[in-house]
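The structure is given below, and queries will be raised subsequently.
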Protein chains: 2
Amino acid sequence: MSASKSPNLREHRLGRLYPLLLEQLPKDAIITATEELHAYECDAFTTMRQLPLLTVLPDSIEQVQHVMRCCHTLDIPVVARGAGTGLTAGSMPVENGVLLGMSKFDQIHEIDPHNRTALIGPGVRNQAVTDAAAPYNLYFAPDPSSQLACSVGGNVAENAGGVHCLKYGLTVHNILELEIITIEGERITLGSAALDAAGYDLTAIMTGSEGLLGIVVAIRVKLLPKPASARVLLAAFATIEEAGTAIADIIGAGLIPAGLEMIDQTGIRAIEELMHAGYPVDAAAVIICELDGSEAEVEDELASVISILKRLNASDIQVSTNAEESRRIWAARKAAFPALARLAPDNYIMDGTIPRRALAEVWTRINELAEEYDLPVVNVFHAGDGNMHPSILFDSSDEDQHQRAFELGTRILELCVQVGGTISGEHGIGLEKINQMCLQFSSHELSQFHALKAAFDERNLLNPGKQIPTLARCAEFNAMHVHHGEMPFPHLERF
Amino acid sequence: MSASKSPNLREHRLGRLYPLLLEQLPKDAIITATEELHAYECDAFTTMRQLPLLTVLPDSIEQVQHVMRCCHTLDIPVVARGAGTGLTAGSMPVENGVLLGMSKFDQIHEIDPHNRTALIGPGVRNQAVTDAAAPYNLYFAPDPSSQLACSVGGNVAENAGGVHCLKYGLTVHNILELEIITIEGERITLGSAALDAAGYDLTAIMTGSEGLLGIVVAIRVKLLPKPASARVLLAAFATIEEAGTAIADIIGAGLIPAGLEMIDQTGIRAIEELMHAGYPVDAAAVIICELDGSEAEVEDELASVISILKRLNASDIQVSTNAEESRRIWAARKAAFPALARLAPDNYIMDGTIPRRALAEVWTRINELAEEYDLPVVNVFHAGDGNMHPSILFDSSDEDQHQRAFELGTRILELCVQVGGTISGEHGIGLEKINQMCLQFSSHELSQFHALKAAFDERNLLNPGKQIPTLARCAEFNAMHVHHGEMPFPHLERF
């Protein structure tokens, strides 16, 4: 954690900003004491920390507008924060910048069962939306592992996914309308309460923009009818290859499971030790497959999946017979990252997403790279949609390990890009993966991102330095990176 | 149709552009003869016409890059055109501008059954993708009525929908990756072959941008597994209210039909006269409902829907028993607009989309407005997703009728905005609905659109004057419009 390197700038900004903020915010909505500011110095990517200039906790749209106008007038950067569960330092403060906490925007304004929508504040927890919709037999589909704690505003910022996004899409597919405040303090509406909107798709551009384009103050989410039936199946395999083929064959049979996950042996054992969910600890890999729909449909699909699994020598096939059993299987899967955290001091989680057909090839290659770099890599991932979460276990206090973990991570993401995939499926880029953006995008593409950013925030005050690297940064990173002797932009050759 | 009002400018531009184009394009890819240019003077919104300066028909990405560089260098506007089936003059040329025809980009480069994707040129016809995917039991979901003729590039430009987008989404939900050429002639990739991509969602922003941001030269679309079973049901109602309640109750029961349509009596009769599909001509309204999935699922859902329909006194319930019968019911529905074209010389088709709960209220109000303006309005629409297509029948040679039709259309779209909806669901804005954009968006919102446009096309050379009205244009339109005494931007009050 670094304190301000420019104490004079800090004092100067505080002196001007604080009285201005007080014109429309109560004193207790502004935090300046260092000991209290520590609560805001990082998100769940705790290896990067930075104290903000101050933290504001507005509780009305007008207050957010005032904060933005103050910062715009004084040229002070602003970083928005939801619940702080992000994994890529996206809501880590910037030095001498304002941290804008949106936790007080936690109201569910409306549940509309007929339109199947809910209008909520960005500080509402993901699970709270589903809970509020339950009496209408509806739910909010995105379900990141952190869903008990994470806010929907954060889900929008990162375009969060979850174990069910194979069938039900990412956050962007489950929201209709956003009310945002621009850096100038203007209030604008993106999208509409209907299923489409005229003009450019600003709702989509805002989703996943990691707080770089505007501050979300209200969200209209889609709700889905709860499927009449949902069964979760867990199957063990003696080899990785058979598990990979099972994934391919399930998809190839035209089935669209609600979730389709894969976990390797290290992952299984770590989870089982923490959660005691009955996972088969001797298997090389397990897959988890959820089927949902009408009773008849689920029975039908279950039979198809089981016949595929048996053909591929799956053992220990467990099928949930009630909601509680399903919950238990999923709860264990969702505890994967806490479980891995017990295996090593640090865990570098990749979020590369690849075309499904490349799964087996990439998995094999990752294991080879893990040997090359002499670091354990655990694979726990959303196999159905190709969203891999290889996790590199290491000890950051060992400088050599730290360096190897970083290089290995870069090689893995490079691999994802090489097969036509992407360096981030659902966790975002933040500050943690910003160099790896240089692997994926050409300078023309990065320039287009910067131009778009400038169309919303000309002076680069919103979450500056995150998500989109400067061309200079990429030149430096690629110069370093060329040592591996690989082509930085293979995807340009694809068409 | 207007010829150039500035013959000198025309000659000047032709003299500079033509030799420059010839440096990299063959002579027969450049059309300058007026009689041949007439083929490009309008899209399917034939009441607006404009001859281009010239038409180019490139057949390679390099040629498109060259055209863009030439136009950028010489400051000449460019309008891209797919199959010309658009309904809002989106691909109508601009005066003394280039018309860029993409029809030669009609190759299907790859069908990848394992990833369920196809890589195609923008000139490929919508139906051709589904035909090419059929051997793998896959299909391309967006199915606008014009799917036999329209190009997928045009689908991307307009974010096209169709009768199945209730369950399977609009074009934006069915594409993964776009290769585009910027106005500077740079080639950039948006999205990825995986299910997500890092950075801002430029794929979504490009989809529905009506050729204002870049030229699409390659598209990777998602393919879906063909459902094992699909049944189409047609039911007649003696009152509009019962039909509306049936729609609400089907959705309220937690069903998500593949398609859910509603047609009023005038629409039914026009369709039946043209198509002889067995539609019940004495009904006040019919609804068409398609259910798809596994055999068991479809039977299950069919039973639920039929019980809802019977409770609401539906008569003449027909259920297709094979693919041919389903095709017949849909073919008739898709011929609705040609059928209506036989009823009056002109047909002003609205594309307003509203939150589903407001359907009955809006329908009633539209009928009141139709009486007030003394013009027939036919309702044929995608009821399940709230995408209304009220069609105003009139004769444009009668100046008074023309004026009334335009005002009535504006009132209808205003109504859509007032209930939280949007002025366009799937047809786009083009030039035809550009004034009505002023009903929906505040000046801050329009300014944000313009800033975004400038981030891609600073000099406003790509399809200038379409889709996003200038603030001056809106000031003029709203000044005229305030006579109705209604608030122009009610949606700002919603949160």
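Could you please let me know if B:Thr88 is at pLDDT below 95, under 28 Å from B:Ile30 (Cβ atoms), open to solvent by less than 10 Å² (accessible area, probe 1.4 Å) and hydroxyl-bearing (Ser, Thr, Tyr)?
Criteria met by B:Thr88.
Out of all the residues in the range A:433-444, which are facing chain B (nearest Cβ under 9 Å) and crowded, with 22+ Cβ neighbours inside 10 Å?
Here is the first cut: in the range A:433-444, the residues facing chain B (nearest Cβ under 9 Å) are A:433, A:436-437, A:440-442, A:444.
Within the range A:433-444, A:Lys433, A:Gln436, A:Met437, A:Gln440, A:Phe441 meet the criteria.
Looking only at the range A:270-288, filter to residues that are under 26 Å from the mean Cα position of the chain (by Cα) and either within 14 Å of chain B (Cβ to nearest Cβ) or of a type in the set (D, E, K, R) (or both); which one of those is least open to solvent (accessible area, probe 1.4 Å)? Even if it seems obvious, please write down each step before you answer.
Kept after step one, since they are under 26 Å from the mean Cα position of the chain (by Cα), are these residues of the range A:270-288: A:270-275, A:277, A:279, A:285-288.
Now drop any that are not either within 14 Å of chain B (Cβ to nearest Cβ) or of a type in the set (D, E, K, R) (or both), which leaves A:272-273.
Details: A:Glu272: 33, A:Glu273: 120 Å².
Filtering first and then ranking leaves A:Glu272.
Does the range B:236-246 contain any residue that is at pLDDT 95 or above, open to solvent by less than 20 Å² (accessible area, probe 1.4 Å) and either under 23 Å from B:Ser320 (Cβ atoms) or among the acidic types (Asp, Glu) (or both)?
yes
Additional query: Within the range A:180-213, how many residues turn out to be surrounded by fewer than 24 Cβ atoms within 10 Å (Cβ to Cβ), in a strand (DSSP E or B) and within 7 Å of chain B (Cβ to nearest Cβ)?
Number of matching residues: 1.
Residue by residue through the range B:410-445, note down the ones that are more than 24 Å from B:Gly169 (Cβ to Cβ) and under 17 Å from the mean Cα position of the chain (by Cα).
B:Leu431, B:Glu432, B:Ile434, B:Gln436
Each row is one residue, and each column tells you yes or no for (1) touching a helix residue (DSSP H, G or I) at 6+ places or on another chain (Cβ under 7 Å); (2) under 24 Å from B:Gly121 (Cβ atoms).
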residue	(1), (2)
B:Pro7	no, no
B:Arg16	yes, no
B:Leu21	yes, yes
B:Asp28	no, yes
B:Glu35	no, no
B:Phe45	no, no
B:Leu53	yes, no
B:Val56	yes, yes
B:Ile76	yes, no
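Residues checked against (1) at the interface with another protein chain (Cβ under 8 Å from one of its Cβ atoms); (2) part of a loop (DSSP other than H, G, I, E, B); (3) open to solvent by 30 Å² or more (accessible area, probe 1.4 Å):
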{"residue": "B:Pro122", "(1), (2), (3)": "no, yes, no"}
{"residue": "B:Ala128", "(1), (2), (3)": "no, no, no"}
{"residue": "B:Ala149", "(1), (2), (3)": "no, yes, yes"}
{"residue": "B:Asn155", "(1), (2), (3)": "no, no, no"}
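Let me ask you something else. Scan the range A:324-338 for residues that are hydrophobic (A, V, I, L, M, F, W, C), over 18 Å from A:Leu291 (Cβ atoms) and assigned to a helix (DSSP H, G or I) and report the count. Walk me through how you get there before you give the answer.
Going through the range A:324-338, the residues hydrophobic (A, V, I, L, M, F, W, C) turn out to be A:329-332, A:335-337.
Subset that is over 18 Å from A:Leu291 (Cβ atoms): A:331-332, A:335-337.
Now restrict to residues that are assigned to a helix (DSSP H, G or I): A:331-332, A:336-337.
Qualifying residue count for the region: 4.
Another one. Give the range B:301-328 a look and list any residue that's within 14 Å of chain A (Cβ to nearest Cβ) and surrounded by fewer than 20 Cβ atoms within 10 Å (Cβ to Cβ), or say none.
Within the range B:301-328, B:Leu302, B:Ala303, B:Ser304 meet the criteria.
Just the residues that are assigned to a strand (DSSP E or B), within 9 Å of chain B (Cβ to nearest Cβ) and of a type in the set (A, V, I, L, M), please, taken from the range A:216-234.
The answer is A:Val217, A:Ala218, A:Leu224.
Going by what's in this entry, would A:Val298 be described as within 23 Å of A:Thr364 (Cβ to Cβ) and either outside any loop (DSSP other than H, G, I, E, B) or of a type in the set (Phe, Trp, Tyr) (or both)?
Details: within 23 Å of A:Thr364 (Cβ to Cβ): no; either outside any loop (DSSP other than H, G, I, E, B) or of a type in the set (Phe, Trp, Tyr) (or both): yes.
No.
On to the next question. Got a number for residues in the range B:130-147 being open to solvent by less than 20 Å² (accessible area, probe 1.4 Å), within 13 Å of another protein chain (Cβ to nearest Cβ) and of a type outside the set (Gly, Ala, Ser)?
2
Kindly check whether there is at least one residue in the range A:457-464 that is within 14 Å of another protein chain (Cβ to nearest Cβ), of a type in the set (S, T, N, Q) and closer than 15 Å to A:Thr353 by Cβ.
No - not one qualifying residue is present in the range A:457-464.
Of the conditions (1) more than 7 Å from every other protein chain (Cβ to nearest Cβ); (2) within 23 Å of the chain's Cα centre (by Cα); (3) more than 19 Å from A:Gly352 (Cα to Cα); (4) not charged (D, E, K, R), A:Pro469 fails just one. Which one is it?
All conditions are met except number (3).
Is it the case that the range B:476-490 has a residue that's modelled with pLDDT of 95 or more, surrounded by 15 or more Cβ atoms within 10 Å (Cβ to Cβ) and within 11 Å of chain A (Cβ to nearest Cβ)?
Going residue by residue through the range B:476-490, those that are modelled with pLDDT of 95 or more are none.
The answer is no; no qualifying residue exists.
Just one of the numbered conditions (1) open to solvent by 40 Å² or more (accessible area, probe 1.4 Å); (2) in the same structural domain as A:Ser151 (by TED's automatic domain parsing); (3) closer than 25 Å to A:Ile180 by Cβ is not true of A:Asp75; which one?
Answer for A:Asp75: the failing condition is (2).
Among the listed residues A:Gly252, A:Gly267, A:Gly259, identify the single one that is within 14 Å of chain B (Cβ to nearest Cβ), of a type in the set (Gly, Ala, Ser) and touching a residue at least 60 places away in the same chain (Cβ under 8 Å). Let's see the steps before the verdict.
On the way: A:Gly252 fails: touching a residue at least 60 places away in the same chain (Cβ under 8 Å); A:Gly267 fails: within 14 Å of chain B (Cβ to nearest Cβ).
Going through A:Gly252, A:Gly267, A:Gly259 in turn, the sole match is A:Gly259.
Cβ contacts < 7 Å: first residue closer than 19 Å to B:Pro338 by Cα, restricted to the range B:126-151; second residue assigned to a helix (DSSP H, G or I) and modelled with pLDDT under 95, any location; separation 6+ or different chain. Result?
Here the result reads B:Ser145/B:Lys334; B:Ser145/B:Phe337, each pair linking the range B:126-151 to a residue that is assigned to a helix (DSSP H, G or I) and modelled with pLDDT under 95.
The values are calculated or read from the model by the stated rules, or taken from the named source; none is laboratory data. What you are looking at is a predicted structure, and each value in this text was computed from that prediction instead of being measured. When we count neighbours, we look across all protein chains shown, and the Cβ atoms used for this are built from the backbone with ideal geometry, even at glycine. The protein model used for the area step is the full one, side chains on, heavy atoms only, and it has no ligands, DNA or RNA in it. Shrake-Rupley method; radii C 1.70, N 1.55, O 1.52, S 1.80 Å.
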